[in-house]
Amino acid sequence: MKKVLLVFGLLFFVGTAQSMVVLYLGNEILDRCEAALVNSSSEKAGVCYGYIAGIVDAEASYQARNVKDANICLPKGTTNTELARLVVYELRKTPEQLHLEASRLVINILADAFPCP
């Protein structure tokens, strides 16, 4: 009986861990960021801003640890709204790529717009 409970317990935690993984596609981030430009305090705006900030923070962390060369160098004072506007603009230009992973798309957008010297 203990073995059965242990197996079910492990399966519960494995299932929970897998359901916590979130992978956004380009069209999902486009939807969130379009909503952010209409209402910056909406839940979708929080997802958009948080997603972009997470990418920028991860890039800064890699740079600080010398894991890789800097690809994204934002000017001081760049706002969440400016970044969301840029992401929306660029994603709308390439609808054929909206099925791809949002992380790859957003990293490329930011690296192209804000290259490091």
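The values are calculated or read from the model by the stated rules, or taken from the named source; none is laboratory data. Just so it is clear, the model here is predicted, and its values are computed rather than measured. For neighbour counting, all protein chains shown are included, and Cβ atoms are generated from backbone atoms with ideal geometry for every residue, glycine included.
At-a-glance table
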| quantity | calculated |
| --- | --- |
| Set Leu98, Leu23: member being at pLDDT below 95 and in contact with a strand residue (DSSP E or B) (Cβ under 9 Å, 6 or more places away or on another chain) | Leu23 |
| Restricting region 30-40 to residues that are modelled with pLDDT of 95 or more and not charged (D, E, K, R), the residue that is farthest from Gln97 (Cα to Cα) | Asn39 |
| Hits in region 90-112 - residues which are over 20 Å from Ala36 (Cα atoms) and over 15 Å from the mean Cα position of the chain (by Cα) | Glu96, Gln97, Asp112 |
| Subset of region 21-42 (residues that are under 19 Å from Ile107 (Cβ atoms), surrounded by fewer than 19 Cβ atoms within 10 Å (Cβ to Cβ) and either in contact with a helix residue (DSSP H, G or I) (Cβ under 6 Å, 6 or more places away or on another chain) or touching a residue at least 40 places away in the same chain (Cβ under 8 Å) (or both)) | Leu23, Tyr24, Leu25, Asn27, Glu28 |
| Scan of region 63-89 for residues that are of a type outside the set (A, V, I, L, M, F, W, C), over 25 Å from Ala35 (Cβ atoms) and surrounded by 14 or more Cβ atoms within 10 Å (Cβ to Cβ), ordered by number | Gln63, Asn71 |
| Selected residue [without any contact (Cβ under 8 Å) to a residue 60 or more places away in the chain and over 18 Å from Gly26 (Cα atoms)] from Lys93, Lys76 | Lys76 |
| Hey, Asp112 on the phi < 0 side of the Ramachandran plot, exposed (fewer than 14 other Cβ atoms within 10 Å of the Cβ) and either touching an Asp or Glu at 6+ places or on another chain (Cβ under 8 Å) or at pLDDT 95 or above (or both) or not | yes |
| Members of region 59-89 that are within 19 Å of Pro117 (Cα to Cα) and part of a helix (DSSP H, G or I) | Glu59, Ala60, Ser61, Tyr62, Gln63, Ala64 |
| Tally, over region 90-117, of residues that are assigned to a helix (DSSP H, G or I) and farther than 19 Å from Ala53 by Cβ | 5 |
